[in-house]
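Please treat every number below as a calculation from the coordinates, not as lab data. All values derive from a computational prediction rather than experimental measurement. Here Cβ is always computed from backbone atoms with ideal geometry, including for glycine, and neighbour counts include all displayed protein chains.
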Amino acid sequence: MSKLVIKDLYASVEGKQILKGINLEINDNEIVALLGPNGHGKSTLLNVIMGHPRYVVDSGSIYLDGKNILEMATDERARAGLFLAMQSPSEVPGVSNSDFLRSAVNARLEKPVSTYKFYKALDSATKQLKMPFDLATRSLNEGFSGGEKKRNEMLQLILLEPKIAMLDEIDSGLDVDAINIVSEVINSEKEKGRGFLIISHYARLYDLINPTRAVVMINGRIVIDSDPSVIKRIDKEGYEFIKTELGIEIAKEEPNMNQTSIGSCDVKVKTE
Ligand SMILES: Nc1ncnc2c1ncn2[C@@H]1O[C@H](COP(=O)(O)OP(=O)(O)OP(=O)(O)O)[C@@H](O)[C@H]1O
Ligand SMILES: [Mg+2]
């Protein structure tokens with residue numbers, strides 16, 4: 001039995017408070033869908049849970065199976081059983097994907113995995129994801145297409161066997177066949193007992209994985225924690241009903257005031 005418990009969490013990035021009192025529980029064997037308009041703090045929450053150094057926890061707590069994960073470095077959180085598939089995975093030229101995966105697998109084991117066992121697991125996972133095996137041996141994410149990067153995140157998930165997996169827009173950039181493949185992996189990993197927190201803007205992915213619960217984040221707070229029927233409603237109507245029925249104003253993203261005007265740097269003053 002695993003359980004991630006977040007209580008009254010406030011967190012900031014670059015001096016701006018984004019998370020404003022998050023309360024959320026995720027159990028193993030359940031899929032929690034996380035929805036919300038752009039820029040309201042969903043990715044921030046996942047980054048804070050994983051311990052991204054840019055994000056500062058102002059107050060509140062996060063416990064995994066009774067252990068205070070806010071006291072742990074990111075690698076310790078991974079070893080404790082947390083996993084994050086990022087919205088935009090980074091390219092790491094010069095680091096082979098398979099070496100990276102093997103180091104990550106070994107970091108969680110007392111005795112390193114044998115070469116034979118590792119490549120057998122890698123072969124089976126790439127087949128499950130219908131990934132060409134050469135992607136596993138190239139530099140990590142370098143030159144990978146958008147969809148290949150997302151599948152590579154799922155490859156890590158299969159090999160690392162986390163207790164709680166967080167997927168940030170894993171479906172963005174995936175073609176229809178790839179969404180089906182990724183959904184099958186999510187479903188089979190859930191059957192193995194993993195808990196999931198999954199961000200998506202689209203009902204299509206959720207239709208394929210049947211979340212157990214849906215939560216909606218507005219202005220850095222979870223304002224709905226309900227059965228998954230709310231996903232269909234959001235898909236049809238958008239977020240307007242949250243304002244009309246719950247009386248919660250939805251903050252709009254601020255316009256970027258630092259944009260350079262093209263005209264300002266390319267004007268020659270005509271001289272006589
Ligand atoms: N490193 C950063 N520096 C400055 N602001 C940031 C940083 N990271 C996030 N923010 C801001 O925090 C707010 C929440 O961003 P976040 O990425 O969590 O939104 P989101 O809900 O995941 O949106 P989306 O659905 O578009 O992915 C945004 O206003 C964003 O610009
Ligand atoms: Mg995001």
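Just the number, please: percent antiparallel of the DSSP beta bridges in the chain, rounded to the nearest 5.
60
Would you order 230, 182 from fewest to most other beta-carbon atoms within 10 Å of each residue's own beta-carbon?
Exposure proxy ranking, most exposed first: 230, 182.
Quote the charge dipole size of the chain about the Cα centre in Debye, to the nearest 20; the model charges only the Cβ of Lys and Arg (+1) and of Asp and Glu (-1).
With Lys and Arg at +1 and Asp and Glu at -1, about 440 debye.
Among 70, 129, 246, whose mean-square fluctuation peaks in a Gaussian network model of the chain (Cα, cutoff 10 Å)?
Comparing 70, 129, 246 in a Gaussian network model of the chain, the most mobile one is 246.
Relative contact order of region 58-148, please, whole-number percent, based on alpha carbon pairs below 8 angstrom and at least 6 residues apart.
After rounding, I find 34 percent.
Give the share of C-alpha pairs in each 5 angstrom bin for region 1-142, from 0 to the last occupied bin, in whole percents, shortest bins first.
2, 8, 15, 18, 18, 15, 13, 8, 3, 0
Give a quick list of trypsin sites (Lys or Arg not before Pro) in region 1-100 that DSSP marks as loop, anything other than H, G, I, E or B, with at most 12 other Cβ atoms within 10 Å.
54
Which whole-angstrom value gives the distance between the alpha carbon centres of region 31-61 and region 216-234?
Centre-to-centre (Cα) distance: 15 Å.
How would you rank 139, 61, going from fewest to most other Cβ atoms within 10 Å of each one's own Cβ?
Fewest-to-most ranking of 139, 61: 61, 139.
Show log10 I(q)/I(0) for region 166-259 at q = 0.11 Å⁻¹, two decimals, from a solvent-free Debye sum over equal Cα scatterers.
Those come out to -0.40, one per q.
Could you tell me what fraction of 2.2 N^0.38 Å the Cα radius of gyration of region 84-151 comes to, as a two-decimal ratio?
1.11
Please sort by residue number the GluC sites (Glu not before Pro) in region 29-124 whose DSSP state is loop and whose Cβ has at most 10 other Cβ atoms within 10 Å.
Here the sparse-neighbourhood loop sites are 110.
Structure shown: which of 7/42; 16/190; 20/150 lie over 24 Å apart, alpha-carbon to alpha-carbon?
Violating the 24 Å Cα-Cα cut-off are 16/190; 20/150.
How long, wide and thick is the chain, going by the Cα atoms along their three principal axes, in whole angstroms, largest first?
73, 60, 39
Can you sort 217, 72 so the residue with the fewest Cβ neighbours within 10 Å comes first?
Placing the least packed residue first, the sequence is 72, 217.
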